[in-house]
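Please read the structure below before turning to the comments.
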Amino acid sequence: MSGTTTQGPQETRIFAPSAAFAAQAAVSGMDAYNALCAEAAADYEGFWARLAKEHLDWQTPFTRTLNEDNAPFYQWFEDGKLNVSYNCLDRNLQNGNADKTAIIFEADDGTATHVSYRQLHEKVCKFANGLKARGIKKGDRVIIYMSMSVEGVAAMQACARIGATHSVVFGGFSAKSLQERIIDAGAVAVITADEQLRGGKRLPLKAIVDEALALGGCDSVKDVIVYRRTGGDIAFKAGRDLWLHELVDGQSAACEPEWVEAEHPLFILYTSGSTGTPKGVQHASGGYLLWAALTMKWSFDIKPSDVYWCTADIGWVTGHSYIAYGPTAVGATQVVFEGIPTYPHAGRFWETVAKHKVSIFYTAPTAIRSLIKASDVDPKVHPKNFDLSSLRLLGSVGEPINPEAWMWYYTQVGGEKCPIVDTFWQTETGGHMITPLPGATPMVPGSCTLPLPGIMTAIVDESGQDVPNGQGGILVVKRPWPSMIRTIWNNPERFKTSYFPEELGGKMYLAGDGAIRNKDTGYFTITGRIDDVLNVSGHRMGTMEIESALVANPLVAEAAVVGKPDDTTGESICAFVVLKQARPTGDEAKKLALELRNWVAKEIGPIAKPKEIRFGDNLPKTRSGKIMRRLLRVLAKGESITQDVSTLENPAILEQLKETS
Ligand code: PRX
């Protein structure tokens, strides 16, 4: 485990929440925060039991809060039964939200559609009945490969309603990635759209599903359900493919929810780890929903009158917890956005905030950084040209936010009146872990500040011992929490070794990030991944995954992939490649680099394309044959190597790898 730092964060600016914001906040002031933390410390299970009873509706109440008998396979609220879709939809019909807008769908072309809770409930019930009519039932796995749409959210909710476990695959993944996920999940059905619309362009979805299924090994898939988005030409396989509108046609608008055990797998979401194959992170129903709902209230301070907008895609965990489930569980009105931040112009986010009077806005630092650049180039798209007075809270997610981007977000977007919640969390954690509470925690740009009440984060050294504040180390969570990953689908052993390593005693959750706490405030700053995982534009990618894709190309003998700091995307992918043929140079190198980039797009998806490819006769290796990635990281940055290279078998290679092709 390397990559941790002993440098403390230097940032000294502090921004306290305004008295007006604090006065109306769900958690008002640090005393309220500290009281919740004290409650959790005094009676951990009692704390969670209270919250689970207060924030969720149970069909069968639970009597056991936490079962640690088979740690680290923790179980929460295990003898309770509930239904996630019931909690997100039916509850809203009963508590006066039936005619409230659940979703404002902002299409790529700017058309907006309002869907009420009653309409969403009806849509989901019909969808669920349609799935049942196809024989899909509790425990079956369903792949959702959809664009951002009301139907995408409805597909997830419909699966939850019948107890089917969904696995959403981001629409930017390739046919091969989709096929691997279908096989690993053993999916019985795929829900997709004909095409997706992004930035005025039509991109195929159904055709990629066809290609994935044709790659073989997907015999478990009996149904492909297609939402007609664009009306583009697609192939239809009789007996297997079915239009969504035909599936729901004539179905009843009532669907009794399938009451499932709290531990029933709600979804599997594939994410990257240190090895070549993605991990199927499996989440439970009860504990997951509790945290999605509760963090909407605590971190986002959501109120009935808010218009909330999370710009993530449902293909990522943020789109699960903070689009499909969290906002609906608390009866919020939210914007669901189909498009991209730069179409038809880079003021689209701000224009949309003004148009729908968005009050809570949640996005990724990459988007902020790219919009800063865009408004430097074209002042017309600067946020000051749009009426952003409806905003009252801003959020950031997915990667570290650099203090300059934080300050711009705070001053130019939030007008210095909106607290920013810099939410640190992961696919595996199900919801926020470390974040300021907007009406309590004084904010420091670039720091995610303090853990939420009940979340027992700590920083330890490589043997699991606590390190003092001011000294960097490994971020861990010392106690299980309700929304945590339950296992890796099909691979419980990998779950144990990845997240509860014996070196740390087998009981601490290893986040995979380095962190440091400020000496005075105890605030956490995330210092970056300590494993071979990259974060490009907030998208998580494994270096080994990209390396495996590269070496699968017949031309490639060897490849090593490292991250390189990037002003806009946070990190970018730099690949060092040894070909089976002689090292190419000049135009030949350019041509081959392009070919390999497209190859990676085909193997994994366009998001995994290396930004840079450098060719060498070899890679820098120790005498025992280990690739020295830390040297490659230095080369990627364009810095000169100051480290000792005497253990290298072939130091001359470093000179060659300095050159970009
Ligand atoms: O490295 C951390 C970074 O994103 C990783 C989790 O990625 P993923 O599972 O795709 O989930 C992203 C959305 C929650 C973490 O291990 N990360 C996420 N949020 C932050 C962050 N790094 C710094 N600050 C954050 N707020």
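The values are calculated or read from the model by the stated rules, or taken from the named source; none is laboratory data. Predicted model, so just to flag it, every value in this text is computed and none were measured. No Cβ is skipped: glycine too gets one built from the backbone with ideal geometry, and neighbour counts run over all protein chains shown. Each accessible area value is taken on the protein alone, full model and side chains, heavy atoms only, with ligands, DNA and RNA left out. Shrake-Rupley method; radii C 1.70, N 1.55, O 1.52, S 1.80 Å.
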**OP:** Specify the residue that is farthest from the ligand (Cβ to nearest atom); the eligible residues are those in segment 371-404 that are assigned to a helix (DSSP H, G or I) and open to solvent by less than 40 Å² (accessible area, probe 1.4 Å).
**Re:** Val381
Original post:
In segment 321-345, which residue that is crowded, with 23+ Cβ neighbours inside 10 Å and among the small types (Gly, Ala, Ser) is nearest to Val413 (Cα to Cα)?
Top reply: Ala332
**OP:** Determine whether segment 541-554 contains at least one residue that is modelled with pLDDT under 95, on the phi > 0 side of the Ramachandran plot and within 16 Å of the ligand (Cβ to nearest atom).
**Re:** no
Subject >> Residues satisfying the stated conditions in segment 233-249, i.e. part of a helix (DSSP H, G or I) and among the charged types (D, E, K, R) >> reply: Glu246
Subject >> Matching residues in segment 635-652 - criterion: being open to solvent by 20 Å² or more (accessible area, probe 1.4 Å) and among the aliphatic types (A, V, I, L, M) >> reply: Ile641, Val645, Ala652
Subject >> Scan of segment 620-649 for residues that are part of a loop (DSSP other than H, G, I, E, B), within 27 Å of Asp567 (Cβ to Cβ) and of a type outside the set (Gly, Ala, Ser), ordered by number >> reply: Pro620, Met628, Glu639, Ile641, Thr642, Gln643
Subject >> Among residues of segment 253-272, those that are more than 12 Å from the ligand (Cβ to nearest atom) and outside any loop (DSSP other than H, G, I, E, B), counted >> reply: 4
**OP:** Residues being under 30 Å from the mean Cα position of the chain (by Cα) and either open to solvent by 50 Å² or more (accessible area, probe 1.4 Å) or modelled with pLDDT under 95 (or both): count how many of those fall in segment 224-254.
**Re:** 3
Original post:
For residues in segment 493-504 being surrounded by 14 or more Cβ atoms within 10 Å (Cβ to Cβ) and in contact (Cβ under 8 Å) with a residue 40 or more places away in the chain, which is farthest from Ala187 (Cα to Cα)?
Top reply: Leu504
Original post:
On the given criteria, is Gly431 surrounded by 24 or more Cβ atoms within 10 Å (Cβ to Cβ), within 30 Å of Ala354 (Cβ to Cβ), in contact (Cβ under 8 Å) with a residue 12 or more places away in the chain and of a type in the set (Gly, Ala, Ser)?
Top reply: yes
**OP:** Sort out which residues of segment 582-619 are in contact with a Lys or Arg (Cβ under 9 Å, 6 or more places away or on another chain) and of a type in the set (D, E, K, R), and write them in order of number.
**Re:** Arg597, Lys602, Glu603, Lys609, Lys611, Glu612, Arg614, Asp617
**OP:** Would you be able to say whether some residue in segment 105-119 is of a type in the set (Val, Ile, Thr) and open to solvent by less than 10 Å² (accessible area, probe 1.4 Å)?
**Re:** no
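For every residue, the table says whether it meets (1) within 24 Å of Lys357 (Cα to Cα); (2) touching a strand residue (DSSP E or B) at 6+ places or on another chain (Cβ under 6 Å); (3) without any contact (Cβ under 8 Å) to a residue 24 or more places away in the chain.
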{"site": "Asn97", "(1), (2), (3)": "yes, no, no"}
{"site": "Lys100", "(1), (2), (3)": "yes, no, no"}
{"site": "Ile103", "(1), (2), (3)": "yes, yes, no"}
{"site": "Ala107", "(1), (2), (3)": "yes, no, no"}
{"site": "Thr113", "(1), (2), (3)": "yes, yes, no"}
{"site": "Arg118", "(1), (2), (3)": "yes, no, no"}
{"site": "Glu122", "(1), (2), (3)": "no, no, no"}
{"site": "Cys125", "(1), (2), (3)": "no, no, no"}
{"site": "Gly130", "(1), (2), (3)": "no, no, no"}
**OP:** Kindly check whether there is at least one residue in segment 3-15 that is open to solvent by less than 50 Å² (accessible area, probe 1.4 Å), at pLDDT 95 or above and among the hydrophobic types (A, V, I, L, M, F, W, C).
**Re:** yes
**OP:** Identify, from the list Thr318, Thr275, the residue that is within 16 Å of the ligand (Cβ to nearest atom), in contact (Cβ under 8 Å) with a residue 24 or more places away in the chain, open to solvent by 10 Å² or more (accessible area, probe 1.4 Å) and part of a helix (DSSP H, G or I).
**Re:** Thr318
Original post:
Quick one: in segment 58-98, which of the residues that are open to solvent by 30 Å² or more (accessible area, probe 1.4 Å) and among the hydrophobic types (A, V, I, L, M, F, W, C) is nearest to His114 (Cα to Cα)?
Top reply: Leu93
**OP:** Go through (1) under 22 Å from Glu256 (Cα atoms); (2) in contact with a helix residue (DSSP H, G or I) (Cβ under 8 Å, 6 or more places away or on another chain) and name the single condition Ser116 misses.
**Re:** (2)
**OP:** Check segment 172-179 and report whether any residue there is more than 13 Å from Ile268 (Cα to Cα), basic (Lys, Arg) and assigned to a helix (DSSP H, G or I).
**Re:** yes
Original post:
Can you tell me which residues in segment 607-634 are without any contact (Cβ under 8 Å) to a residue 24 or more places away in the chain and hydrophobic (A, V, I, L, M, F, W, C)?
Top reply: Met628, Leu631, Val634
**OP:** Answer yes or no: is there a residue in segment 149-169 that is at pLDDT 95 or above and under 18 Å from Ala235 (Cα atoms).
**Re:** no
Subject >> Residue list for segment 502-522, filter: part of a loop (DSSP other than H, G, I, E, B), under 27 Å from Glu68 (Cβ atoms) and either of a type in the set (Gly, Ala, Ser) or within 14 Å of the ligand (Cβ to nearest atom) (or both) >> reply: Gly505, Gly506
Original post:
Looking only at segment 434-480, which residues are under 18 Å from Leu290 (Cβ atoms) and open to solvent by 10 Å² or more (accessible area, probe 1.4 Å)?
Top reply: Pro451, Met456, Arg479
**OP:** Pull up segment 405-414, narrow it to residues that are over 16 Å from Asp567 (Cα atoms) and open to solvent by 10 Å² or more (accessible area, probe 1.4 Å), then point me to the one that is nearest to the ligand (Cβ to nearest atom).
**Re:** Tyr410
Original post:
Hey, does segment 525-536 have a residue that's touching a residue at least 60 places away in the same chain (Cβ under 8 Å), away from the ligand (no atom under 16 Å from the Cβ), closer than 23 Å to Gly464 by Cα and part of a loop (DSSP other than H, G, I, E, B)?
Top reply: no
